[in-house]
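**Q** Dumping the structure here so I can ask a few things about it.
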Amino acid sequence: MHDTATASITVVYLARLREAFGVASERVPATGSASTVGALRATLVARGGVWATELAPGRAVRIAVNHSVAGPDTAIRDGDEVALFPPVTGG
Amino acid sequence: MPVRVQTEDFDVSRELAALRHGDARVGAVAAFIGTVRDLNDASAVTTMTLEHYPGMTETSLAAIVDEARTRWSIFDAIVIHRIGELKPLDQIVLVGVTSAHRGDAFAACEFIMDFLKTRAPFWKKEATPSGSRWVEARGTDDDAAARWDRESGARG
């Protein structure tokens, strides 16, 4: 067994999504299935249950990569911080 | 150009005095203060809890102020947004803008608020007699922000 560092990203869940998933953040392997924002979302939806419900296509979910608003095609790289959150309601 | 996210209350008079302190070019100070209402969507609100996404919040607020600077002739601006548990009557947010004349200050202040409401990563959760609920984003806020896209050419 090698101690090869596994490339990974940090995924942060905020507000209603954090409560629904019961987790504030997690490390996810930065493999082919999480190479773009859209692919990551699909990977999370594949977990089923509340993940599939909250992140289903058509649900309003905002995604930021390293604090910048991202689209489905935005690339994700090793070490990135990806945040998923509902539409904002400040002010 | 201070942008602050804090749990404690703010003193509007003191913040606006600091904003224009020593700057005799200033002929106009526009300010907006958002406060907690005791009623939302037909339910009584007992408390409102605000959370944000540290790091992205400050970055996005600074970017919004920078955008306002490119659109209008303003000298300075301040944005203070509170987080944590608030009660009806409490102050939530302050936006203050200084300029030579009122038109730029009014417009920039409204623009910053409209973009803050649709782009800055804050979320409100209300406690009501029937339980707590996350506040849903309003389409009217998106409309208010989109209005600046249509008007940007005319106001340039």
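**Q** Given H placed on each backbone N at 1.01 Å, which residues far from residue A:36 in sequence or on other chains put an amide H within less than 5 Å of it?
**A** A:76
**Q** With axes computed from alpha carbons, what is the tilt in degrees of helix B:102-119 against the longest principal axis of chain B, rounded to the nearest 10 within 0 to 90?
**A** Here the helix axis deviates by roughly 40 degrees.
**Q** To continue, here is another question. I'd like the accessible area for residue A:17: 1.4 Å probe, protein heavy atoms, all chains in place, Å² to the nearest 10.
**A** 0 Å²
**Q** Just name one of B:62, B:130, B:92: the one whose Cα is farthest towards the positive end of the charge dipole of segment B:62-135 (beta-carbon charges, Lys/Arg +1, Asp/Glu -1).
**A** Among B:62, B:130, B:92, the one farthest towards the positive end of the dipole of segment B:62-135 is B:130.
**Q** So what are the ³J(HN,Hα) numbers for segment B:122-138, from phi and the Karplus equation (6.51, -1.76, 1.60; θ = phi - 60°), rounded to whole Hz, Gly and Pro as x?
**A** Listing the rounded values in order: 10, 9, 10, 10, 9, 9, 10, x, 9, x, 9, 8, 6, 5, 7, 5, 9 Hz.
**Q** Let me ask something additional. Looking at chain A only, what percent of DSSP beta bridges run antiparallel? Nearest 5 please.
**A** Working: 12 of 16 bridges.
Percentage antiparallel, nearest 5: 75.
**Q** Could you tell me what fraction of 2.2 N^0.38 Å the Cα radius of gyration of chain A comes to, as a two-decimal ratio?
**A** Working: Rg = 13.1 Å, N = 91, 2.2 N^0.38 = 12.2 Å.
In units of the 2.2 N^0.38 Å rule of thumb, it is 1.08.
**Q** Just want the answer: with Cβ charges of +1 for Lys and Arg and -1 for Asp and Glu, which residue in A:45, A:57, A:85 is farthest toward the dipole's positive end in chain A?
**A** A:57
**Q** Go through segment A:59-72 residue by residue and turn each phi into a ³J(HN,Hα) via Karplus (6.51, -1.76, 1.60, θ = phi - 60°); whole Hz please, and just put x for glycine and proline.
**A** Going residue by residue, I get 6, 6, 10, 9, 10, 10, 10, 6, 6, 10, 4, 10, x, x Hz, with x marking Gly and Pro.
**Q** A further question on this structure: Looking only at other chains, what is the average number of their beta-carbon atoms within 10 angstrom of each beta-carbon in B:115-126?
**A** Details: counts 1, 3, 4, 5, 4, 3, 12, 6, 11, 5, 4, 0.
Mean shielding count: 5.
**Q** Still on this model: Taking every pair of alpha-carbon atoms in the protein assembly as shown, give the share separated by more than 34 Å as a whole percent. Mind showing how you got there, number by number?
**A** Values: 7566 of 30381 pairs.
The share of Cα pairs beyond 34 Å in the protein assembly as shown comes to 25 percent.
**Q** Would you compute the Debye intensity of segment B:13-156 from its alpha-carbon atoms alone, equal scatterers and no solvent, and pass along log10 I(q)/I(0) at q = 0.11, 0.14, 0.20 Å⁻¹ to two decimals?
**A** -0.46, -0.72, -1.24
**Q** Nearest 10 degrees is fine. How inclined is helix B:56-71 to the longest principal axis of chain B, computing both from alpha carbons?
**A** So the inclination is approximately 40 degrees.
**Q** For chain B, with only Lys/Arg (+1) and Asp/Glu (-1) charged at the beta-carbon, what is the dipole magnitude about the Cα centre, in debye rounded to 20?
**A** Working: 19 positive and 24 negative charges, 48 e Å.
It comes to approximately 220 debye.
**Q** Of all DSSP beta bridges in chain B, what percent run antiparallel (nearest 5)?
**A** On the way: 30 of 34 bridges.
DSSP beta bridges in chain B are roughly 90 percent antiparallel.
**Q** Test of understanding: in a Gaussian network model of chain B with alpha carbons linked when under 10 Å, which of B:17, B:68, B:145 would top the mean-square fluctuation ranking?
**A** B:17
**Q** Right, next: Each residue of segment B:2-16 in turn: what ³J(HN,Hα) in whole Hz from Karplus with 6.51, -1.76, 1.60 and θ = phi - 60°, glycine and Pro shown as x?
**A** Ordered by residue, 3J(HN,Hα) equals x, 10, 10, 10, 8, 7, 6, 5, 10, 9, 4, 4, 5, 5, 6 Hz.
**Q** Specify the angular offset, from 0 to 90 degrees and rounded to the nearest 10, of the alpha carbon long axis of helix B:139-155 from the longest principal axis of the alpha carbons in chain B.
**A** So the inclination is approximately 10 degrees.
The values are calculated or read from the model by the stated rules, or taken from the named source; none is laboratory data. Not measured: the values here are computed from a predicted model. FYI the Cβ positions are ideal-geometry reconstructions off the backbone, even for glycines, and counts take in every protein chain you see. Only protein heavy atoms, including side chains, enter the accessible area calculation; ligands, DNA and RNA are left aside. Shrake-Rupley method; radii C 1.70, N 1.55, O 1.52, S 1.80 Å.
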